[in-house]
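**Student:** A single structure is presented below for examination.
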Amino acid sequence: MKQALKFLFIFVSVIISAQDLKYSDQEIQKKLDSIKVEGNTLFSYEKASWQAGDLMAKNKKINGNTGIYLTYKVSDTTKTVFLNKDQTSILAEYSFKNNQTKTSKEILVQRELNETEKKLKNIRATIIPQLSNPQYGITVPQGYNLNLVIIPFNENYKVYLIPGTSQSGIIPFGNDYLFISDSKGDIISNQKFHSRLIPTMTSMENGGTVTMSTHSHLRTTPFISATDICTFKLYAPLTKLDEFSVYSPALGIYMKYNYKKDTIEKGEKL
């Protein structure tokens, strides 16, 4: 019986190994190109939210009177709007074109929500209570927060949760989630990219600087993730890092992303 179990284990291991080698170089590159596009889209949403939040905080007339914010795209422009506390009107609107750090438009006249904003507000309100379901295993370690990003996806929505921190010298990889909801905001699928938070230090205690960062993925997440790219693009400009890498146990390769070049390089199989 032990011999049979041993043979079964070896047989299953061979099958898994064979499955790991199924991607051709062309298929891997196509997948990486798609992930990079998604990462840049996610970054454009979160970068606009960051910048708009900073601008709103400096405005004494509206700071303290706002409630939730919503971020969405209109053509090549990413908009972030801040609602009043009872969520019945917009107090501030900031627009950014092509990921520029300066606003292309700033509107501080109170107005009603448009149809896109009404839909996003309702989707957000429907999704958030579902996230407390223990089956999703969502955690928020002390010193960190989770930012909600809602992106239209065909007739559905992609809902990302990505970590953020105000701590200096840290890039908060990991503890990131993707939910797909239907058009009403009901969750129909979910994915967790990393098993835990991976706080990556960007400086050393002796005063030295870190010039390269790497972390490993779960076998169920064989590729570098859009959340990895987004998080790095947000925090890397505050550090000396230009690139980071991910090791994929499933594929047996490293994938290196450079945010200044916006490229993903695939290493040879180990």
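The values are calculated or read from the model by the stated rules, or taken from the named source; none is laboratory data. Keep in mind the model is a prediction, meaning the values are calculated, not measured. Here the Cβ is made from the backbone with ideal geometry for all residues, glycine too, and neighbour counts use every protein chain on show. Protein only, heavy atoms only, side chains kept; ligands, DNA and RNA dropped before computing areas. Shrake-Rupley method; radii C 1.70, N 1.55, O 1.52, S 1.80 Å.
**Student:** Given Cα pairs under 8 Å that are at least 6 residues apart, what percent is the relative contact order of the chain?
**Tutor:** About 13 percent, as a whole number.
**Student:** M212 to K30: FRET efficiency via 1/(1 + (r/R0)^6), r the Cβ-Cβ distance, R0 25 Å, to the nearest 0.05?
**Tutor:** The formula returns an efficiency of 0.40 here.
**Student:** Multiply the residue separation of L238 and R219 by 0.36 nm, subtract the distance between their alpha-carbon atoms, and state the gained length in nm to one decimal.
**Tutor:** Between L238 and R219, full extension yields 3.8 nm more.
**Student:** Take the Cβ-Cβ distance between K97 and I128 as r, set R0 to 25 Å, and report the resulting FRET efficiency rounded to the nearest 0.05. Display every interim value, and only then the final one.
**Tutor:** Values: r = 30 Å, r/R0 = 1.18.
Here the calculated transfer efficiency is 0.25.
**Student:** Could you pull out the longest piece of the chain with no exposed loop trypsin sites (Lys or Arg not before Pro) in it, calling a site exposed if DSSP puts it outside H, G, I, E, B and it has at most 16 other Cβ atoms within 10 Å?
**Tutor:** Longest gap between qualifying sites, sites excluded: 103-183.
**Student:** Could I ask something else about it? Using a Cα-Cα cut-off of under 19 Å, which lysines could be cross-linked to K158, ignoring same-chain neighbours fewer than 8 residues away?
**Tutor:** K31, K36, K47, K73, K79, K118, K119, K121, K184, K192
**Student:** DSSP loop GluC sites (Glu not before Pro) in the range 100-146 with at most 15 other Cβ atoms within 10 Å of their Cβ, which ones?
**Tutor:** Here the GluC sites (Glu not before Pro) that fit, given the DSSP loop and packing criteria, are E112.
**Student:** Mind checking the angle between helix 115-130 and the chain's longest principal axis? C-alpha axes, 0 to 90 degrees, to the nearest 10.
**Tutor:** The angle comes out near 50 degrees.
**Student:** Let me ask something else about it. Treating the angle as unsigned and between 0 and 90°, give the value, to the nearest 10°, between the Cα long axis of helix 2-20 and the longest Cα principal axis of the chain.
**Tutor:** For helix 2-20, the angle is close to 50 degrees.
**Student:** Between S195 and D76, 0.36 nm times their residue separation minus their Cα-Cα distance comes to what? Don't jump to the answer; show the numbers that get you there.
**Tutor:** Details: separation 119, 0.36 × 119 = 42.84 nm, distance 3.44 nm.
Net length gain for the segment: 39.4 nm.
**Student:** Cα centroids of the range 93-157 and the range 192-270: how far apart, whole angstrom?
**Tutor:** What the calculation gives is 25 Å, centre to centre.
**Student:** If I stretch the segment between E265 and V140 completely, what's the gain in nm (0.36 nm per residue apart, minus their alpha carbon distance), one decimal?
**Tutor:** Working: separation 125, 0.36 × 125 = 45.00 nm, distance 3.16 nm.
Computed gain between E265 and V140 is 41.8 nm.
**Student:** For K233, give me every one of the aspartates and glutamates with a C-alpha distance below 18 angstrom, ignoring sequence neighbours fewer than eight places off in its own chain.
**Tutor:** D33, E38, E46, D54, D176, D242, E243, D262, E265
**Student:** Now for a different question. At a threshold of 8 angstrom on Cα-Cα distance, excluding pairs fewer than six apart, so keeping six or more, what relative contact order does the range 157-198 reach in percent? Write out the running numbers ahead of the final one.
**Tutor:** Numbers: 73 pairs, mean separation 16.4, N = 42.
Relative contact order comes out at 39 percent.
**Student:** Calculate the spin-label point distance for S104 paired with V37, positioning each point 7 Å from the Cα along the beta-carbon direction, and give it in nanometres.
**Tutor:** 2.0 nm
**Student:** Would you mind calculating the relative contact order of the range 92-211 from Cα pairs under 8 angstrom and at least 6 residues apart, reporting the percent as a whole number?
**Tutor:** Working: 182 pairs, mean separation 20.2, N = 120.
Reported relative contact order: 17 percent.
**Student:** Measure nothing fancy, just the Cα-based angle from helix 25-58's long axis to the longest principal axis of the chain, in degrees from 0 to 90, nearest 10.
**Tutor:** Its long axis makes an angle of about 30 degrees.
**Student:** Per residue, how large is the accessible surface of the range 177-255? Use a 1.4 angstrom probe and give square angstrom.
**Tutor:** Using a 1.4 Å probe on heavy atoms only, each residue of the range 177-255 averages 44 Å².
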